[in-house]
Structure formats: C-alpha cells, structure tokens
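The structure under discussion appears below in the form of structure tokens.
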Amino acid sequence: MPEQQINNPLHGITLEQIVVKLQDYYGWEELGQLIKIRCFDTDPSVKSSLKFLRKTPWARSKVEDLYLITVKREKRKQRKTEMKRLNRR
C-alpha cells in the first residue's frame, strides 16, 4: 500500500495539469521568460513540454516550483478580495 502524501502539495496533480495551468495563467511567452527552457520558447506546446519535462528533472522542478508560487499567489489574491467584500458589509 503506497504511503499517504499528506504534506505533498503536488499530490494528485499531474504534470499536464501543471503545464496547462501555467500556460493559461502566463502564456507561452511569459512562461519562457520566467523559466529559461527551449520547450517554452521554440514552437511551444503542451505535448512537447511534457516530453521534455518528463526527461529533465531540473526543468520539471523549476516548473513545479513556479506552479506552487502561482497557486499561493492566487489564493492570497482570493483572500484579499474576500476580505474586501466582507468589509464592505
């Protein structure tokens, strides 16, 4: 039986979900500026990015780190919006 990964924030999230989320949030151009890897700069696609990231641990790590930062930023922004809404009442 596999160990539970309670403390792993990426547990249950596929690499494809991560790449799609980052591409939607930043777009390929900005993503290529944030993480200097060719698969985001030259003819980028989800498929080619997944192929490269699955074979390149250092690049995958950078993408996962950016994803975690992005999710935290979104949650923070959402909390601020909620607090403003509650303070208006």
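The values are calculated or read from the model by the stated rules, or taken from the named source; none is laboratory data. What you are looking at is a predicted structure, and each value in this text was computed from that prediction instead of being measured. Backbone-built Cβ (ideal geometry, glycine too); neighbour counts: all protein chains shown.
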Original post:
Given (1) farther than 26 Å from LYS36 by Cα; (2) of a type in the set (Asp, Glu); (3) at pLDDT 95 or above, where does GLU64 come up short, assuming only one miss?
Top reply: (1)
Subject >> Selection status of PRO44, buried (at least 16 other Cβ atoms within 10 Å of the Cβ), outside any helix (DSSP H, G or I) and not aliphatic (A, V, I, L, M) >> reply: yes
**OP:** Please verify whether the range 17-37 includes one or more residues that are assigned to a helix (DSSP H, G or I) and touching a Lys or Arg at 6+ places or on another chain (Cβ under 8 Å).
**Re:** no
Original post:
Any residue in the range 68-89 that is free of Cβ contacts under 8 Å to residues at least 12 places away in the same chain, of a type in the set (S, T, N, Q) and not in a helix (DSSP H, G or I)?
Top reply: no
Subject >> Output for the range 10-24, where each listed residue is at pLDDT below 95 and surrounded by 13 or more Cβ atoms within 10 Å (Cβ to Cβ) >> reply: LEU10, ILE13
